[in-house]
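What follows draws every value from the coordinates through simple rules; no lab data is involved. All values derive from a computational prediction rather than experimental measurement. No Cβ is skipped: glycine too gets one built from the backbone with ideal geometry, and neighbour counts run over all protein chains shown.
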Amino acid sequence: MTRITTPFTARSTAREVVEGLDLAGTRIVVTGGASGIGVETARALVAAGADVTIAARKMDQAEEVLADIRRSTDSGTVQAAYLDLQKRDTLQAFADDWQGPLDVLIDNAGVMATPETRTPEGWELQFSNNHLGHFALANALRGALVEGAQASGSPSRLVSLSSTGHHRSPVVFDDVMFERREYDPWAAYGQSKTANSLFAVGVTSRWADDGVLANAVHPGGIITPLQRHLPKQEMIDRGWIDADGTPNPAFKSTEQGAATSVFVAVHPLVEGVGARYFEDVNEAEPFSDDAPGRGVKGYALDTEQADRLWGLSEQLLG
């Protein structure tokens, strides 16, 4: 299996990735599209002619983003719909309201390093929000994705946003919800990001015959509202910002952070590709101790782990 490499780099922007592409008629959903890199993901896709639906929890914020994207683009269309990954009724309602085919689902929304929080079901928040919410949404939209593949004659795509944070933890199946082990916000985040990658493997193995393929994405280090749960001092200690709050220059802009998601969502180089992990607009290499902070760990693409996660997710969600 040849690794996919491209002329793009870590500094490429989402607009550069779609330059020259005509996405007219392509229907795309971006969860968390009203904040952070989700905004720039949607903007670049609309600029290339796509019909983009932003799925958002804060509709007032989404409306502001819609107006901004419409002012800055003159090609595709963009609209918003309500979705809360913590409320399963809104996931089903979103899917029930969807009409017609869906070509791309970008699972972009997420939370990071939250204080220990339990959902009404008693589930750990990060695993519930980052993985289970998107698992339920994708399954509810499966019919639309299959229809999209049939209508276009090429596979529909699911983009699952993982993170280099997956290096911090595999999915700990013996205690996924931190019921017996001490809660660690970063271990919980890492576990959820591994789950996001394994979900792409699971989708591809189950839905490829119906024309749906999925890949995982690490967008890179970007300062966005994703860090809202982190104390400023912790971000300073990690070298992410300085004392004045200025981001480390090694971090990406939001336009650069959206590039890999956009690439995996629509670029011809990813046509027919599934169950892989991408970073810096290229397929990632296997993790190596010689390159910390880069690459994909084997457990994040393991088919047996993906099957086990799928079974657990179905069990939890009924």
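Counting only DSSP beta bridges with both residues in region 25-171, the antiparallel share comes to about 5 percent. In summary, no helical segment of the chain meets the span-like criteria, namely a full DSSP H run, a Cα extent along the axis of 27 angstrom or more and a mean Kyte-Doolittle hydropathy of at least 1.0.
Estimated from helices alone, the mean residue ellipticity of the chain at 222 nm is -11000 deg cm²/dmol (sum of -39500 (n - 2.57) over DSSP H runs with n ≥ 4, per residue). With a ≥ b ≥ c the root eigenvalues of the C-alpha gyration tensor of the chain, is it rounded (a/c under 1.5), prolate (a/b larger than b/c) or oblate? Rounded, because the longest to shortest axis ratio a/c is under 1.5.
Pairs of Lys residues in region 14-317, spaced 8 or more positions apart or belonging to different chains, with C-alpha separations under 29 angstrom: 10 in total.
Close amide H partners of VAL78, meaning residues 5 or more places away or on another chain with modelled amide H under 5 Å apart, are VAL52. Secondary structure note: in the chain, about 10% of the DSSP beta bridges are antiparallel.
Here the 3J(HN,Hα) profile of region 13-30, calculated from phi with Karplus coefficients 6.51, -1.76 and 1.60 at θ = phi - 60°, is 9, 4, 5, 5, 5, 9, 4, x, 8, 10, 9, 4, x, 7, 9, 9, 10, 10 Hz, Gly and Pro shown as x. A straight line joining the Cα centroids of region 1-57 and region 110-170 runs 18 Å.
Around the amide H of LEU158, modelled in the peptide plane, lie the amide H atoms of LEU105, LEU213, ALA214, ASN215, all under 5 Å away and 5 or more residues distant in sequence or on another chain. Count Lys and Arg as plus one, Asp and Glu as minus one, and take only other residues whose Cβ is under 14 Å from that of GLU179; the net charge is then -4. Taking K and R as +1 and D and E as -1, what net charge do the other residues with C-beta under 15 Å from the C-beta of ALA95 add up to? So the surrounding residues net to -2.
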